[in-house]
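Asker: Sharing a structure here in C-alpha cells format.
The values are calculated or read from the model by the stated rules, or taken from the named source; none is laboratory data. Quick caveat: nothing in here was measured; it's all calculated off a predicted structure. Note that each Cβ is placed from the backbone with ideal geometry, even for glycine, and that neighbours are counted across all protein chains shown.
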Amino acid sequence: MNKEAKIKKASVGEFSKSLRFLYPLLGIHSEHFKPLKVYVGVQDWIDPKERCLVCVFDTSKADFAYFETAQLFFHEAFREVRTINAHKSIYLFNFPYPHVWDYFLKGKYSRFGLKYKSYILRTCIKEKWHVENMRSFLFPSEYFERYAHLLNVPVELLHEVGELCSHPDMNQENMPPLNQVSKP
C-alpha cells in the first residue's frame, strides 16, 4: 500500500499547530509530562514575532518538580516560568530556530529543513498522531494528487497553493492575557 493511499480524509480537524510543529523541536522528552497547551505568544505581553514558545503544564502531577528541574529549567532555550494558578504554570522558551518559526507563522511548513521535518515526524510516530497526514503537511508535493482526489479539486490548484495544511489560526495559537487565564 503506498503512502498516498493511507490518507483517507483530507483533514485531521483543528489542532494546535504550535504543539505539533514547534514544540517537538525543543527536544523535551517525557512520556508523562506533555504540555496542556502550546502557544506562540501571549496577548498583551509576548508578540509572536518575539519567537517565544509558551508552554502550559499541569504542575500538580506527582514528580513534576523533577521533570521541571531536569527538562525545563536546565533547557538551553528556557527563558522564564510564571504561575497561572495552583495547578498550572507557563514556561517560556526562546525558540532556537528562527527560520522555522518564521515559516511557521507564514504557514509554510514544507519549507522547514529536512532535519526539522524528520524530528517532527519522529515525535508524531512516538505519539501515534496522524503520521501520514503530518508527513503530507511537511512534504506536500508528494501528496497533491491524493488530496486533489479527496477534495475534488484540480491538482494544479494545490500546486499553486503549495501547502496542504492551513495557516496557524492566531486566535488559537496566541494565549489570552494572563489575567484572563489565572483562574483555576
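Conditions tested, residue by residue: (1) modelled with pLDDT under 95; (2) exposed (fewer than 14 other Cβ atoms within 10 Å of the Cβ); (3) of a type in the set (Ser, Thr, Tyr).
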| residue | (1), (2), (3) |
| --- | --- |
| Met1 | yes, yes, no |
| Ala5 | yes, yes, no |
| Lys9 | yes, yes, no |
| Val12 | yes, no, no |
| Phe15 | yes, no, no |
| Tyr23 | no, no, yes |
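Asker: Right, here's the next one. Here is a list of conditions, (1) surrounded by 13 or more Cβ atoms within 10 Å (Cβ to Cβ); (2) modelled with pLDDT of 95 or more; (3) more than 18 Å from the chain's Cα centre (by Cα), and Ile84 meets all of them except one; can you say which number that is?
Answerer: Only one criterion is unmet by Ile84, namely (2).
Asker: Please specify each residue of region 87-118 satisfying the condition of being within 30 Å of Pro140 (Cβ to Cβ), surrounded by fewer than 17 Cβ atoms within 10 Å (Cβ to Cβ) and touching a strand residue (DSSP E or B) at 6+ places or on another chain (Cβ under 7 Å).
Answerer: Residue satisfying the conditions is Asn94 alone.
Asker: Output the residue which, of all residues in region 164-180 that are in contact (Cβ under 8 Å) with a residue 60 or more places away in the chain and under 13 Å from Asp44 (Cα atoms), is nearest to the chain's Cα centre (by Cα).
Answerer: Going through the qualifying residues, I end up with Asn174.
Asker: Does region 57-72 contain any residue that is closer than 16 Å to Ile28 by Cα and in a strand (DSSP E or B)?
Answerer: yes
Asker: Here's something else I'd like to know. Considering only residues of region 146-160 that are exposed (fewer than 11 other Cβ atoms within 10 Å of the Cβ) and assigned to a helix (DSSP H, G or I), which is farthest from the chain's Cα centre (by Cα)?
Answerer: The residue in question is Glu156.
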